[in-house]
Amino acid sequence: MILAPPPQARRQQGFVLVMALVFLVLLTILGVSALNTTSLEEKMAGNTKDRNLAFQAAETALLAGERWIEAQLQKPNFPDNVHGLYNVDTTSAVANWDAITWTSNVVSYPCSPSVTSSCGTGVGKISTQPKYIIEDLGEVPDSKTSLVVNTDYQSKGITMLRVTARGTGGTDAAVAMVQSTYSRQY
């Protein structure tokens, strides 16, 4: 019996190994890119949630200020910028925003300018309770042109008030401010 010589081993070039490593590097880059994108989207969603919480907190304080104005039977007394009640400089018709620090002389929700302690529970899931101020913008004179109401019964004018509220989100980094101008006849 004659045995055939064993087949010669071919010299391997290692091409498959190089291709496998290239594909592995490409898949790693793709995975890291997907991870970074997911992380960025998660941060954006968190920031959007934080900003929305801040806006909702500021809106809550704004509505509390408007409800307080509506509940007043007489024109409120605006002392020298205390308890969240400010007099606006009538020469410029703009509040001195530099004087407002949002830590003192403001109203913290759910309190009101007339009640500043033991106010109950505030808004949950936020860093700091929202705050607001109410500014007296002055009176707009009545034109006295009503044909129905006798001039003896007409008011002296309409009081213009501005409510400015500041709210924070889950962190103090997210801040939202809202403002409304409210007119009321006393």
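A few remarks follow.
- Residue in the stretch 161-181 that is surrounded by fewer than 17 Cβ atoms within 10 Å (Cβ to Cβ) and at pLDDT below 75 present: no
- Cβ-Cβ under 7 Å pairs, at least 6 apart or on other chains, the stretch 44-63 side more than 9 Å from Gly167 (Cα to Cα), far side of a type in the set (Phe, Trp, Tyr) and surrounded by fewer than 20 Cβ atoms within 10 Å (Cβ to Cβ): none
- From Val16, Val25, residue being modelled with pLDDT under 95, in a helix (DSSP H, G or I), β-branched (Val, Ile, Thr) and surrounded by fewer than 16 Cβ atoms within 10 Å (Cβ to Cβ): Val16
- Extreme residue, modelled with the highest pLDDT, among residues of the stretch 130-145 that are over 21 Å from His83 (Cα atoms) and β-branched (Val, Ile, Thr): Val140
Yes/no per residue for (1) over 12 Å from Leu161 (Cα atoms); (2) at pLDDT 90 or above; (3) polar (S, T, N, Q); (4) outside any helix (DSSP H, G or I):
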site: Gln74; (1), (2), (3), (4): yes, no, yes, yes
site: Tyr86; (1), (2), (3), (4): no, no, no, yes
site: Thr91; (1), (2), (3), (4): yes, no, yes, yes
site: Pro110; (1), (2), (3), (4): yes, no, no, yes
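- Hey, Ala64 modelled with pLDDT of 85 or more, aliphatic (A, V, I, L, M), part of a helix (DSSP H, G or I) and surrounded by 14 or more Cβ atoms within 10 Å (Cβ to Cβ) or not: yes
- Residues satisfying the stated conditions in the stretch 45-86, i.e. within 16 Å of Ser127 (Cα to Cα) and of a type in the set (Lys, Arg): Lys49, Arg51
The values are calculated or read from the model by the stated rules, or taken from the named source; none is laboratory data. Nothing here was measured: the structure is a model prediction, and the numbers come from that model. Every residue, glycine among them, receives a Cβ derived from its backbone with ideal geometry; neighbour counts consider all protein chains shown.
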